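For reference, the structure discussed in these notes is given below.
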Amino acid sequence: MQTRGVHAARAANQTSAISPPIYQTTTFSAGSAEEFAEIAVAARPPEFYTRYGNPNHEMVEATLASMEGGEAALVTSSGMAAIFAVMLGNLRQGDHIVAQRNHYAGATTLLKDYLPRWGITATLVDQTDSEAFAAAIRPETRLIYVETPVNPLMQITDLRAIVELARHQNIITVCDNTFATPVNQRPLELGIDAVIHSATKYIGGHHDATAGALVGSRELVERVWRFALVAGATLSPFDAWLLLRGLRTLGLRVERHNHNALALASFLETHPRVARVYYPGLPSHPQHHLARSQMEGFTGMLSVELAGGYSAAESLISSLHLATRAASLGGFETLIVHPASMWSLQLSPEQRQSTGINEGLVRISVGLEDAADILDDFDQALRAARS
């Protein structure tokens, strides 16, 4: 995996530069009228107009496709742009989606509030119950959308069961693989049709690029590209260059994220001020065996429910020295947030409660610091909060 991250873009790099240039241009010249006419109608030309594609896009897409095991990839301006494009690029009025009750809040808002405006309906089910997915399928169901592990409670969806359910019913399956990354989980190898990423997170890895990505078959990716082209979900060349830089160390970084998160989860699980730890790498996680069957590592993300509700959560966050209160995840620095506050505009109190996002929950994106320092920081914060 790490070798693919380093070398997969080599064929797409048309220069001798080891670190390729940033193609900071909106448009490209053609040598003749015939060449211009040919490029103008081509699918996904890398050198025509950057909304259609760009050499920096092409290098990132080649690397992601190789790492995820897909035929093709597409980069977009954000993770939500990728989610929106994969749905609107494959669905039409009257179609139906089966999705999870727990999703990233932006995806839930899209499913519940916006897609119905275009006559596309969604049924949300418990992702831990494969039979619930089966029961929700209708004759007009065209897409099953899953996220595993899910943000923020780290439930696992049985990807093999989803594939088996959709295989003979002409249903497209899409998996958000942001939390796992291709280092830890490759849904396409299990039969899922398309993988999406908020590449802002682990793919970029440095808190400095906003981007999304889709990986799947050439046919599916081209179909989604045609919608993204009209939607204007264009990634800047510089952000694409940053993503390629991130991909070249993804394997190394994710190994460290995994190690540090397991260490922190194990420490917090035994702490008297912690009511519950949500981390699939712990044997106590109710879906630990399922996670082991479809993942090679368990991500750098975990959530913790504190005894004492909101005041305990706020006290912990305020007492930390290394971990920073900030949105997003998957970067070099440990970040911590209070999900109920962060998503208060997107999810009603009833929606938050129904999905387990209570006032005592904090989400931790474990960074690349030395594990001993992370544990010391949380230990002192919990002691400070208690006093």
*Could you tell me which of the residues Ala85, Ala17, Ala73, Ala11 is at pLDDT 95 or above, of a type in the set (A, V, I, L, M, F, W, C) and within 20 Å of Gly246 (Cβ to Cβ)?*
Ala73
*Of everything in the stretch 265-292 that's in contact (Cβ under 8 Å) with a residue 40 or more places away in the chain and assigned to a helix (DSSP H, G or I), which residue is nearest to the chain's Cα centre (by Cα)?*
Ala291
*asked:* Here are the criteria: (1) within 27 Å of Leu190 (Cβ to Cβ); (2) assigned to a loop (DSSP other than H, G, I, E, B); (3) touching a Lys or Arg at 6+ places or on another chain (Cβ under 6 Å). Tell me which single one Asn90 does not satisfy.
replied: (3)
*Count - residues of the stretch 207-224 that are surrounded by 21 or more Cβ atoms within 10 Å (Cβ to Cβ), in a helix (DSSP H, G or I) and not β-branched (Val, Ile, Thr)*: 1
*Gly204 versus (1) within 20 Å of Met295 (Cβ to Cβ); (2) assigned to a loop (DSSP other than H, G, I, E, B); (3) touching a Leu at 6+ places or on another chain (Cβ under 8 Å); (4) not basic (Lys, Arg): which is the lone unmet condition?*
(1)
*Failed condition for Phe133, given (1) touching a helix residue (DSSP H, G or I) at 6+ places or on another chain (Cβ under 7 Å); (2) assigned to a loop (DSSP other than H, G, I, E, B); (3) at pLDDT 95 or above; (4) of a type outside the set (A, V, I, L, M), with all others met?*
(2)
*Out of (1) surrounded by fewer than 22 Cβ atoms within 10 Å (Cβ to Cβ); (2) within 30 Å of Ile364 (Cα to Cα); (3) touching a Leu at 6+ places or on another chain (Cβ under 9 Å), what's the single condition that is false for Arg248?*
(3)
*Go through the stretch 301-326 and count every residue that is farther than 30 Å from Pro182 by Cβ and among the acidic types (Asp, Glu).*
1
*Matching option when the condition is within 15 Å of Ala180 (Cβ to Cβ) and among the aromatic types (Phe, Trp, Tyr), among Phe298, Phe267, Phe332*: Phe298
*Does the stretch 149-171 contain at least one residue that is touching a Pro at 6+ places or on another chain (Cβ under 8 Å), crowded, with 19+ Cβ neighbours inside 10 Å, assigned to a loop (DSSP other than H, G, I, E, B) and modelled with pLDDT under 95?*
yes
*Within the stretch 293-313, track down each residue that is in a helix (DSSP H, G or I), at pLDDT 95 or above and crowded, with 19+ Cβ neighbours inside 10 Å.*
Gln294
*Members of the stretch 93-114 found to be over 17 Å from Val150 (Cβ atoms) and either in contact with a Leu (Cβ under 6 Å, 6 or more places away or on another chain) or not in a helix (DSSP H, G or I) (or both), listed by number*: Gln93, Gly94, Asp95, His96
*Give me the pairs, please: first residue somewhere in the stretch 7-29 and under 20 Å from Thr50 (Cα atoms), second residue anywhere and among the small types (Gly, Ala, Ser), beta-carbon distance under 8 Å, and either six or more positions apart or on two chains.*
Ala9/Ala62; Ala11/Ala62; Ala12/Ala62; Pro20/Ala9
_Positions within the stretch 3-35 being surrounded by 13 or more Cβ atoms within 10 Å (Cβ to Cβ) and of a type in the set (A, V, I, L, M, F, W, C), in sequence order_ = Val6, Ala8, Ala9, Ala12, Ile22, Phe28, Ala30
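The values are calculated or read from the model by the stated rules, or taken from the named source; none is laboratory data. Keep in mind the model is a prediction, meaning the values are calculated, not measured. Don't worry about glycine lacking a Cβ; one is built from the backbone with ideal geometry, like all the others, and counts go over all protein chains shown.
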